[in-house]
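In what follows, a single structure is set out as structure tokens and then discussed.
The values are calculated or read from the model by the stated rules, or taken from the named source; none is laboratory data. Only a predicted model underlies this, so the values are computations on that prediction, with no experimental measurement involved. Neighbour counts run over all protein chains shown; Cβ positions are idealised from the backbone, glycine included. Surface accessibility is based on the protein's heavy atoms, side chains included, excluding ligands, DNA and RNA. Shrake-Rupley method; radii C 1.70, N 1.55, O 1.52, S 1.80 Å.
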Amino acid sequence: MPIIFVCSVPFGGGERLARILAEKLGYAFLSRDDVVGKANECGIPVGKLEVATVKKPAVRERLARLKERYLAVATATICEKAAEGNLVYYGRAGHFLLPGVSHVLRVRVIPEHTQRLDTVVQRTKLSRGKAETLLCDIDADIRSWVQFVHGVDMDDFHRYDLVINLEHLSIENAAMAVCGIADLPDFRPTPASRKAMEERLLQARARIKLALDERSADADLTVRSNDGVVTITYMPRQAALASVVPQVLHDLPGCQELRCTVASTNILWIQEEFRSGAATSGQLIELARRWGAAVELLRYRPDEVDEVDGAPPPEPATSGTKPGAAGGVEDDVPETVSDSDRAFQDALALLVHSGRSGGGQSVAGNRERLVSAINPNIPYSLVVVGDLFLKKGSAVRTRMTRELTNFLADHIKAPVIPIAELAARLRFGPAQIARLAASAVLMVALYALVFSHQETVLNVLAGPFHNAHPWGAVALVAVLAPLAAGLNAVVTSSVLRLMKLD
Amino acid sequence: MQERLQVLVLDDEPIVGKRLQPALAKVGCDVEVFDAPGQALQRVGEKRFDIVVTDIRMEDIDGIEVLEKVLERWPKTKVIMITGYATVEVAREAIAKGAFDFIAKPFKPQELRDVIARAAEALGFAGVDRAAADDSV
């Protein structure tokens, strides 16, 4: 029988439907409250995610990591409960935790508005007007929470197997209808589906263990599992994790083999100030996705001097709860977070959120100091030089950035390009379409010309014309071959870029 | 002399009040700490506090009820909710019922001081830092 996920906004009858369903079918019942309780037991302050949804602060790295941990706990809790037997889960969007598991029945409940309003008025003692506003706010927050945590629109009904509108249907009858559908063979577990769930569980357990161990808590790790083989990929600058990960995961239940690998490609982005929402972040994330790479940020302040010369660069903001926090009140460490630091953390958060974070560091000083901060053991695939020397005038800034780019290219074993070039390389706009079209037309015309005049071409290459004018063949080949190759290259590279296969 | 900000802190875990009391006194607040909601509400009945900081999940009376009772008695008092079990629903309900702000545990005292500074500003105080300066004179 399937795992039944009942999703609904609060006070909408979804939880009651899920409970009735579990009772009718004799299934175990699990709700989001249980998952949140389990996460809190593990020291994951889920309330921070909830409040952030309401107060909508700028995204922070801390929240992105918190989200990953919450998702791991939620996945493990649901999978473990489902492994004990059949299960009905009630929550906001739990079914997104089990992609690839086919014995899942995804039910969305649309509440009956008046009844929902009555419930809220009765429970909160608010006036109907205020209760109406409260419901609108809660619904908007929950949509935004699902978007942030799962990256999907919870109101996209294509993502459900069954949508139940309680406007003309009682909860009891709705439960009966779901019971009938749950019995259909389409939702029965298959060996492949069960295996997919085991893999999800294994992956989630590994993620939790790594998140709860202080040695690996703040690392940017990718966790995958296949046939009981757990693969942990870490970023090159966190090489020390190679020995830590096996220690942390040595007793991971269900793990037949543990592989610890370093990410194969890395993109280094050097810039003086990182601005949240900048288009470059999106372009680099897109490129990193195509390459399967991680993006490492290096904030370089050429006009400043490191306070302690040779000191290791500061690590980015860390995450997780502090073990010493008493009663939920942490130690009062004075924080002087500037707008610049905040923007840098936001840029890191965006990368963590997209699963492409290669970490970040700040460096101040001359260009030799910058090169010394770049780890020579990391096999960068690309170094992108962004806006630097911001205190200088435009002309000086351009010249100094160009000089630094050349200096880096001489000292780093990776292609170094300015940010403007990155945009030009990735863009596929009207100019690129026109270029592709013109090159394609010219290429077709060239081949058509050659094939429709084969006799003439052969005459020039090896016929009577060649005997009379031997240099003619050389001239023809010297013109046509590079032209054909050039056009071919433009068309092929443009098509590959269009297909995002560059 | 600048009037000092009167703050009541209520949390059924005594350690919370113990930690927040010096953290808020440092910026010039007169802080009274309670770990029993009943006693806190009795004190609210006797004295007008500028700011009430209350936990939500408590055994006898929950924080939402404290919020309602405080605002019923002193409508201008700013109530700040703190909780380790925050949910969107509870946060929104608290705001709908007039809570000034909502902080999820764990938090640093500075986070609370920032919210208190905003509340003080809304109440027309020169700011908690100003109160601290006066205190030192």
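Before moving on, here are some points about what is shown:
- Listed residues A:HIS168, A:HIS95, A:HIS466, A:HIS250 arranged by accessible area, highest first, probe 1.4 Å: A:HIS168, A:HIS250, A:HIS466, A:HIS95
- Solvent-accessible surface ranking, highest first, for A:PHE148, B:PHE107 at 1.4 angstrom: A:PHE148, B:PHE107
- Accessible area per residue for the protein assembly as shown is 48 Å², calculated with a 1.4 Å probe on protein heavy atoms, without ligands, DNA or RNA.
- Nearest-0.05 FRET efficiency for A:VAL163 and B:GLU46, computed from C-beta distance (R0 51 Å): 0.40
- Computed over protein heavy atoms with a 1.4 angstrom probe, the accessible surface ordering of A:TRP471, B:TRP74, largest first, is A:TRP471, B:TRP74.
- Counting DSSP beta bridges with both ends in the range A:213-262, the antiparallel % (nearest 5): 50
- Heavy atoms of A:VAL396 accessible to a 1.4 Å probe, total area in Å² rounded to 10: 60
- Overall, the range B:25-66 carries a charge dipole of about 220 debye about its Cα centre when +1 sits on the Cβ of Lys and Arg and -1 on the Cβ of Asp and Glu, all other atoms neutral.
- Counted over chain A, the DSSP beta bridges are approximately 15% antiparallel.
- Accessible-area value, A:ASP410, 1.4 Å probe, nucleic acids and ligands omitted, Å²: 130
- The spacing between the range A:109-183 and the range A:254-287, judged by their C-alpha centroids, is 37 Å.
- Taking the accessible area of chain A, probe 1.4 Å, and keeping the other protein chains in place, the carbon and sulfur fraction comes to 56%.
- When the charge dipole of the range B:5-129 is built from unit charges on Cβ atoms (+1 for Lys and Arg, -1 for Asp and Glu) and taken about the Cα centre, the candidate among B:PRO106, B:ALA96, B:ALA120 whose Cα reaches farthest toward its positive end is B:ALA120.
- Label-point separation, A:VAL441 to A:CYS255 (7 Å along Cα→Cβ), nm: 6.0
- Structure note, pairs A:LYS130/B:LYS108; A:LYS130/B:LYS18; A:LYS55/A:LYS130; A:LYS48/B:LYS76; A:LYS38/B:LYS69: Cα-Cα distances above 30 angstrom occur for A:LYS130/B:LYS108; A:LYS130/B:LYS18; A:LYS38/B:LYS69.
- Per residue of A:122-134, other chain Cβ atoms within 10 Å of the residue Cβ number 2 on average.
- Charge-dipole axis of the range A:213-262 as Lys and Arg at +1 and Asp and Glu at -1 on Cβ define it, positive-most pick from A:GLY254, A:PRO236, A:VAL223: A:PRO236
- A full extension of the chain between A:THR133 and A:VAL396 corresponds to an added length of 89.2 nm, given 0.36 nm per residue minus the alpha carbon distance.
- Helical content of chain A, expressed as a calculated mean residue ellipticity at 222 nm, amounts to -16500 deg cm²/dmol (DSSP H runs of 4 or more residues, -39,500 (n - 2.57) each, divided by residue number, nearest 500).
- In Å², nearest 10: area of A:PHE157 left accessible to a 1.4 Å probe: 90
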